[in-house]
Amino acid sequence: MTQLASGRDEPITAPPTGRGRPPHRRGWAWLAGALGGLSGIAVADLVAWFLTPSGAPIPAVGAMIINLLPAGLVNFGKEFLGTADKPFLLTVIFFGVLALCGLAGALELRRSYAGGPVFAVIAAIGLVAVLTSSDPSLRAIIPTLLGLLAGYLVLRALIVRLARWLPRSDYPGDLAALPARRTFLTWTVVVAVGAVVGEMAGRALNAAAGAVEDARTKLQLPVPETTDPVPAGADLNVADLSPYLTPNEDFYRIDTALQVPTIEAADWTLKITGLVEQEMTINYADLIARPLVEHVATLTCVSNEVGGDLVGNAAWLGYPIRALLAEAKPKAGADMVLSTSEDGWTAGTPLSALTDPDRMALLAIGMNGEPLPIEHGYPVRMVVPGLYGYVSATKWVRELKVTSFAKDQGYWTPLGWSAKGPIKIGSRIDVPRKRRIEEGPVMIAGVAWDQHTGIDRVEVRIGDEWYDAQLAAVTGVDTWRQWLYSWSATPGTYEISVRATNADGEVQTEDSAPPAPNGASGWHTVTITVT
Ligand SMILES: Nc1nc2c(c(=O)[nH]1)N[C@H]1C(S)=C(S)[C@@H](COP(=O)(O)O)O[C@H]1N2
Ligand SMILES: [Mo]
């Protein structure tokens, strides 16, 4: 018995006694199971906060239940409980899960691994819920999976120790049960404290992130003084062709942030420091009280491969950076602005691009008529037409330090990327998307860009012949331009390439270069078989 009580790798066995289990052990087993469940929920919530808010399983299950319930019942709940209906539902789910996990604990005590299926079923419901949510993604399943694993490991650890704790009354004079009991109780207390603290932290963090998102959606954007009205002919309305303005939810996202910074607009400030005559700090209210402009500009990532999709076009609402810099008054010797984000990421932008009266470099607060989405830099980011994002487009921006390229460098520069990153001429074939098509009239269409210079010509090569594409209208030189060529396709296999010419007459080079160190080049080419 001594060995059973203290052995580490004993299987869980029923106590060798005919008198059955004293009832209190069952109670402890339920508690152990519920603590396993709570640990699992805590881990899932913390991981969800870290990775993706839509991965938190309980709110997802709540939303799923509301969707599944008949509308009448949902409305009844709303009338009956008012705004408490959602918290009420979430509380019911929470304690329902803990009760089921308690059951899993009782089963586990009776037979090794018998609690596993109960945990698996609970997790499966959570997985279905996150995958059918309004914002489903593969990474949204990670919190629930890790929660399942952690929860079940905790349950096992507690039940194994509980099984070793044999009632002393069955073994008069055997003190071995005493350390076993102490071990189990110690584990229970440690797990309980850890799980409660973890879950409280997870909830607080998720709630804070949720509060920022709520505030964001309620924000009323000021009306800009000037806008770039999008001309009717900017969109050629070809099926599958990238729309002129990229919807926010389709806009590519690139950053080094593991956890998206969530900043309340009311807490946001921007410092302008360094080589300036007048250091200054501006807050959100000051910023949006200024005359704002809306400017359409295409953002491109230096990592974009030829034919890649790390490029998007949006109407940015913001305040010209040059106006702020004019107040701060850069000193002689400065040629760069090092912008720093909430998460410490930095970009080094040529000062000249930010003070250029002809270039609309913005501190942006809005994107396509909405407050900036959190993952695109809410509450404030930089957008500088003509420069790759890594040297200009700092999201969650908190500081502009006026300095020099000789003294400072942005995040990616020491990692092998050029200190300066003017955008290269680019063009892409979007349609046809299919590589095998039928003969007859076919639209070949795509987008071409050379921000801040503008695109004047796009040519398509089909086989050996070059053809001029039709160009769509644009708001100005800072955006991409749709192009279209209608082709009468006859059977055969064709290589189709595209090249653009900018407003300075520079033709996009055929020489192919990889993204590092200063952007990819070459002609986007696709092979199409016509049958
Ligand atoms: N804070 C922060 N801002 C950042 C980055 C980053 O990693 N952190 N990446 C930059 C890069 S490389 C690009 S291409 C653009 C992308 O902006 P988007 O995610 O809104 O498309 O953001 C820029 N701003
Ligand atoms: Mo980028």
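Annotations
Conditions (1) crowded, with 21+ Cβ neighbours inside 10 Å; (2) out of contact with any helix residue (DSSP H, G or I) (no Cβ under 6 Å at 6 or more places or on another chain); (3) at pLDDT 90 or above; (4) in a loop (DSSP other than H, G, I, E, B), marked per residue:
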residue: L145; (1), (2), (3), (4): no, yes, yes, no
residue: L155; (1), (2), (3), (4): yes, no, yes, no
residue: L158; (1), (2), (3), (4): yes, no, yes, no
residue: S169; (1), (2), (3), (4): no, yes, no, no
residue: G173; (1), (2), (3), (4): no, yes, no, yes
residue: P179; (1), (2), (3), (4): no, yes, no, no
residue: R182; (1), (2), (3), (4): no, yes, no, no
residue: M200; (1), (2), (3), (4): no, yes, yes, no
residue: A204; (1), (2), (3), (4): no, yes, yes, no
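- Matching entry among L317, L299 (being part of a strand (DSSP E or B), modelled with pLDDT of 95 or more, under 16 Å from F251 (Cβ atoms) and near ligand 1 (Cβ under 8 Å from one of its atoms)): L299
- Test: residue in segment 392-410 that is assigned to a loop (DSSP other than H, G, I, E, B), away from ligand 1 (no atom under 11 Å from the Cβ), touching a residue at least 24 places away in the same chain (Cβ under 8 Å) and under 29 Å from I455 (Cα atoms): no
Here's the yes/no breakdown for (1) within 24 Å of V477 (Cα to Cα); (2) near ligand 1 (Cβ under 9 Å from one of its atoms):
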position	(1), (2)
G312	yes, yes
R322	yes, no
P330	no, no
W345	no, yes
T349	yes, no
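- Within segment 342-365, the set of residues being within 16 Å of ligand 2 (Cβ to nearest atom) and surrounded by fewer than 24 Cβ atoms within 10 Å (Cβ to Cβ) comprises D343, W345, T346.
- The set of residues from segment 230-246 being surrounded by 15 or more Cβ atoms within 10 Å (Cβ to Cβ) and in a helix (DSSP H, G or I) comprises just one member, A234.
- Among the residues of segment 396-408, the one identified as touching a Pro at 6+ places or on another chain (Cβ under 8 Å) and within 16 Å of ligand 2 (Cβ to nearest atom) is W396.
- Listed by first and then second residue, the pairs with beta-carbon distance under 8 Å, at least 6 apart or on different chains, first residue in segment 96-112 and of a type in the set (S, T, Y), second not in a helix (DSSP H, G or I), are S112/P11; S112/I12.
- Unmet requirement for G312, which otherwise passes all of (1) within 16 Å of ligand 2 (Cβ to nearest atom); (2) at negative phi; (3) in contact with a Lys or Arg (Cβ under 6 Å, 6 or more places away or on another chain): (3)
- Taking residues in segment 294-308 that are without any contact (Cβ under 8 Å) to a residue 24 or more places away in the chain, and partners anywhere that are among the basic types (K, R) and surrounded by 19 or more Cβ atoms within 10 Å (Cβ to Cβ), not one pair has Cβ atoms closer than 6 Å while being at least 6 places apart or on different chains.
- Members of segment 404-446 that are surrounded by 22 or more Cβ atoms within 10 Å (Cβ to Cβ), polar (S, T, N, Q) and closer than 14 Å to A347 by Cα: none
- Total residues in segment 415-464, condition in contact with a Phe, Trp or Tyr (Cβ under 8 Å, 6 or more places away or on another chain), part of a strand (DSSP E or B) and of a type outside the set (S, T, Y): 17
- Counting only residues that are over 16 Å from R322 (Cα atoms) and free of Cβ contacts under 8 Å to residues at least 12 places away in the same chain, segment 344-371 holds 1 of them.
Per-residue answers, yes or no, for (1) away from ligand 1 (no atom under 16 Å from the Cβ); (2) farther than 30 Å from H524 by Cα:
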| site | (1), (2) |
| --- | --- |
| E225 | yes, yes |
| W268 | no, yes |
| E279 | yes, yes |
| A285 | yes, yes |
| N304 | no, no |
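- Counting only residues that are charged (D, E, K, R) and either within 12 Å of the chain's Cα centre (by Cα) or in a strand (DSSP E or B) (or both), segment 251-292 holds 3 of them.
- Any hit, segment 455-467, residues being surrounded by 23 or more Cβ atoms within 10 Å (Cβ to Cβ), in contact with an Asp or Glu (Cβ under 7 Å, 6 or more places away or on another chain) and on the phi < 0 side of the Ramachandran plot: no
- Against the test of being under 21 Å from the mean Cα position of the chain (by Cα), closer than 26 Å to Q482 by Cα, assigned to a loop (DSSP other than H, G, I, E, B) and modelled with pLDDT of 95 or more, the options G308, G366 yield a single qualifying residue, G308.
- Residues in segment 472-513 that are among the aromatic types (F, W, Y) and either closer than 14 Å to G426 by Cα or exposed (fewer than 13 other Cβ atoms within 10 Å of the Cβ) (or both): W480, W483.
The values are calculated or read from the model by the stated rules, or taken from the named source; none is laboratory data. This one's a predicted model, so the numbers in the text were calculated from it and none came from an experiment. Counting neighbours? That spans all protein chains shown, and the Cβs are built from the backbone with ideal geometry, glycine included.
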